[in-house]
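Beneath this line is the structure, given in C-alpha cells, with notes to follow.
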Amino acid sequence: MTATIQAKPASTEHISTRARVAKVFTDSGVVTWRNVMNVRRNPEWLLGATAFPIMFVLMFAYVFGGAIGGPGGDSSQYREFLIAGIFAQTVAFNSSYTVIGFASDLQKGIIDRFRSLPMSRLAVILGRTTADQVLSVVVLVVMSACGLLIGWRIRGSFLDAVLGYLMILLFAFAMSWIGAYIGLIARSVEVANSAGLIWMFPLTFVSSAFVPQESLPGVLGPIADWNPFTAAVNATRDLFNNPSPAGWPEPSGWPAENAALYAILSCVAIIAIFAPLATAQYRRVASK
Amino acid sequence: MSENDRQVAVRARDLVKTYGSTRALDGVDLEVPSGKVLGLLGPNGAGKTTTVRILTTLLKPDSGEAWVAGRDVLAEPDSVRRVIGLSGQYAAVDENLTGFENLYMVGRLYGQNKATARARARELLARFQLDEAADRPSKGYSGGMRRRLDLAGALVAEPTVVILDEPTTGLDPRGRIEMWEVIKELVADGTTVLLTTQYLEEADQLADSIVVIDKGRVIARGTADELKSQISGERLELVVSTVDELPATAKVLAEVGAAEPAIDEHTRRVDVIVDTGPKALVEALRLLDAQNVVVQDVALHRPTLDDVFLSLTGSRAESEGEQ
Ligand SMILES: Nc1ncnc2c1ncn2[C@@H]1O[C@H](COP(=O)(O)OP(=O)(O)OP(=O)(O)O)[C@@H](O)[C@H]1O
Ligand SMILES: [Mg+2]
C-alpha cells in the first residue's frame, strides 16, 4: 500500500466550560430541528394528537355537559370551564410522543449514533423535550380554535392570556421530562406506547379538569387538590378568566388559593427531579 | 504520544465483558497498525459487536484496556469520539430525514458550522453515489443506499480511525462489491479501518491482517496467507456417480490423503487434505479406476479461508461436545 498517512489534528482537545455550555445549546438546537423535521414528515401526527382531545371536548361538552354543567341542561358555562382542562390534558398526552420517540430512537440505533459523537448528552434529551414544546404550540392552536367554535372565550386581559398559555407550556415541558425518563426505561416501542399513556388517566381525571374538585369522593379530593395538574388547570382558568359554572363550590385550600405559584413550583420540582434521572438513564441505557 | 502509539491506531488488551453467565468477551487482545485494515472475523455471537461497542465508547468492559489513536477509551471517551467514525451493525439512519439532512445533522453535532456541514454532506453524498437521492427521505432508500449513508455519516468529521460492524451484511453481491470499493478508497487515503465480518472472502479481500474470534476468545490471527498456511497442503475433491461407490472412494482417499476424508452423501462428494496434490491425485484416480469406480468430477485446490475458519471454529465446538 502506498498510502501517505497524515496525522489529522484532533480538533480542539481542551474545551473551556463556556464552549461546553454553548455546545449544549447548539447541539440541543440541532436535535430539536431533527425531531421537528421528523414530525413534519409525518403530518398525520397532528391528526393523532388532536383527534383524542377533540373527541373529549365533544363528549364532555355535549354528552356529559348537560348532566355535569348545572340545571336546565345549559352547558355553555361548563364548556367555558372545560377548555383549560382540555388544554392541559392535551399537552400531557403529548408527552407520550417523547416516550415513544425515545424508545424508537433506541431501537433504531439512532441513540448509538448520537452516543458515538462528541456531543452533549443532555442535548439529546433537551432537544426532544424542546421539540415537544413546538408540537404543543401547534396542538394548542388547533385546540383553541376548537374551543372558540364551541363558545369558549378568553375573558381576561391579553397579557393574562399569554401567561395562561405559558403556564400550559411550562406544564407541558415538565411532563415531557417525565416522558423522556419513561421512554429511556422502556425496553421497546410497544412497552413505551402503553407506559407513556397509562399514568395520564389518573393524572388528568383525578383533578379539576372536568368536574369540581370539591365533588371528588374520599381521598381523591385531597389528591386532586394537590395534583400539579389541577394547579396548572386552575391557574390557566384564572388567567383566562373562565369561571366555574354558577352554583359550583369554589375550590379552597392552599393549592387552590395559590394555584399559579403551586403549579410553577411543582413544574420546576418535576424538572429538577426528572432531568437528572433521565440524563443518568440515558447514560446507562445504551451502555448495556 | 509515544512513537509506538503513532504506529498503532487501535489497541485492545485483555477485554472481558460478561452478560450474566454469558462471557461475550473472554480476554480479547488486538492491534491495528496505523493506516491498515484489521478484519475481525467470527460467527454469530462471537463477540464482534461487543468489541466494536467497547472500542467506540458505547460500552464499558468489565476489565481490560483499550486505546484508539493514542487515547484511552475508558478515561477519555469524549476525546476518542472526536477521532473515530462508527458504522454500526444496523444502519442508524434517521428514516424521516433525507440523506442530506442526516449527514448535515451529524456534521453539526461534530461541531461543524452550518456552511461546513452543508458542504461536507454534499461532498460525501456525491462520493457515495447518493447525490440523486440526497433530498428524498431515507425511508425510501434501498438496503445498500442506507448502508452507504450510514458509512458516510461515520466519515463526516474525517476520522483517523473508522470502525465498521458487518458493513456488507444484508447487501446483494453488487452492493457488497460497491462497499468494498468504498472501503478500499478509504484505506488508500490513509484511514485506519477495523471491520467485522462473518465472510472470509471479505476479510481476504480487504484486511491486511485478520483476527478470528469465537465465543469471546481469539482463536487465530495473522494475514490471510498465514491463516491459510495453517492448513498445510491442498484439498483433493472427488465426485462419484453413485452413492454405493462412496465407501470405496473414501477408503482410497484415506490411503492417499494426510487426514480423514470427509464424505457428503448428498452431492456424492469426498474430499481430503493431501500433502502433494498432483501425485495424490494421479494415485487416487489409478486406484479408483482399478476398482471400476466412475469419477464424475475431480478438483484440487489450495485451502480457502473457509477451510481455515471451519477447522478453527468447528473443531473447537466439537471438542466442547456441542454442535
Ligand atoms: N445486551 C446483551 N445482553 C445479554 N447478552 C448479550 C448482550 N449483547 C450481547 N450479548 C451476548 O454476547 C455474545 C456476543 O455478542 P455480540 O453481539 O458481540 O456477537 P457478534 O459477534 O456481534 O454476533 P453477530 O454476528 O450475531 O452480530 C452473544 O452470546 C450475545 O448473546
Ligand atoms: Mg454483531
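Annotations for the structure displayed:
- Elements of type helices (runs of 4 or more DSSP H) contained in the range A:15-89, each with 2 or more residues being of a type in the set (Lys, Arg) and in contact (Cβ under 8 Å) with a residue 60 or more places away in the chain: A:17-40
Residue by residue, here is whether (1) under 28 Å from residue A:143 (Cα atoms); (2) within 14 Å of chain B (Cβ to nearest Cβ); (3) of a type outside the set (A, V, I, L, M, F, W, C); (4) open to solvent by 50 Å² or more (accessible area, probe 1.4 Å) holds:
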site	(1), (2), (3), (4)
A:180	yes, no, no, no
A:223	yes, no, no, yes
A:233	yes, no, no, no
A:249	yes, no, yes, yes
A:257	yes, no, yes, yes
A:281	no, no, yes, no
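- Which numbered condition residue B:24 fails, given (1) in contact with a Leu (Cβ under 9 Å, 6 or more places away or on another chain); (2) open to solvent by less than 20 Å² (accessible area, probe 1.4 Å); (3) of a type in the set (A, V, I, L, M): (1)
- Qualifying residue in the range B:171-185 (condition: surrounded by 18 or more Cβ atoms within 10 Å (Cβ to Cβ) and within 14 Å of chain A (Cβ to nearest Cβ)): yes
- Conditions (1) free of Cβ contacts under 8 Å to residues at least 12 places away in the same chain; (2) out of contact with any Ser or Thr (no Cβ under 8 Å at 6 or more places or on another chain): number failed by residue B:108: (2)
- Inspection of the range A:54-69 finds no residue satisfying the criterion of being within 14 Å of chain B (Cβ to nearest Cβ), among the aromatic types (Phe, Trp, Tyr) and open to solvent by 10 Å² or more (accessible area, probe 1.4 Å).
- For the range B:41-70, the candidate set comprises residues that are away from ligand 1 (no atom under 13 Å from the Cβ) and not β-branched (Val, Ile, Thr); within that set, the residue that is most open to solvent (accessible area, probe 1.4 Å) is B:65.
- Boolean, residue B:6 is within 11 Å of ligand 1 (Cβ to nearest atom) and either closer than 21 Å to residue B:183 by Cβ or at pLDDT below 95 (or both): no
- Pairing residues of the range A:96-120 that are at the interface with chain B (Cβ under 7 Å from one of its Cβ atoms) with residues that are open to solvent by 30 Å² or more (accessible area, probe 1.4 Å) and assigned to a helix (DSSP H, G or I), at Cβ distances under 7 Å and at least 6 apart in sequence or on separate chains, gives A:118/B:78; A:118/B:82.
- Of the residues in the range B:148-166, not one is crowded, with 20+ Cβ neighbours inside 10 Å and touching an Asp or Glu at 6+ places or on another chain (Cβ under 6 Å).
Quick grid of which residues meet (1) within 12 Å of chain A (Cβ to nearest Cβ); (2) within 16 Å of ligand 2 (Cβ to nearest atom):
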{"position": "B:8", "(1), (2)": "no, no"}
{"position": "B:25", "(1), (2)": "no, yes"}
{"position": "B:44", "(1), (2)": "no, yes"}
{"position": "B:59", "(1), (2)": "yes, yes"}
{"position": "B:66", "(1), (2)": "no, no"}
{"position": "B:94", "(1), (2)": "yes, no"}
{"position": "B:109", "(1), (2)": "yes, no"}
{"position": "B:114", "(1), (2)": "yes, no"}
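- Assessment of the range A:135-146 against the conditions (open to solvent by less than 10 Å² (accessible area, probe 1.4 Å) and within 14 Å of chain B (Cβ to nearest Cβ)) yields no matching residue.
The values are calculated or read from the model by the stated rules, or taken from the named source; none is laboratory data. As the structure is a computational prediction, the values presented were derived from the model and not from experiment. A quick note on method: Cβ atoms are made from the backbone with ideal geometry, for glycine too, and the neighbour counts reach across all protein chains shown. Surface accessibility is based on the protein's heavy atoms, side chains included, excluding ligands, DNA and RNA. Shrake-Rupley method; radii C 1.70, N 1.55, O 1.52, S 1.80 Å.
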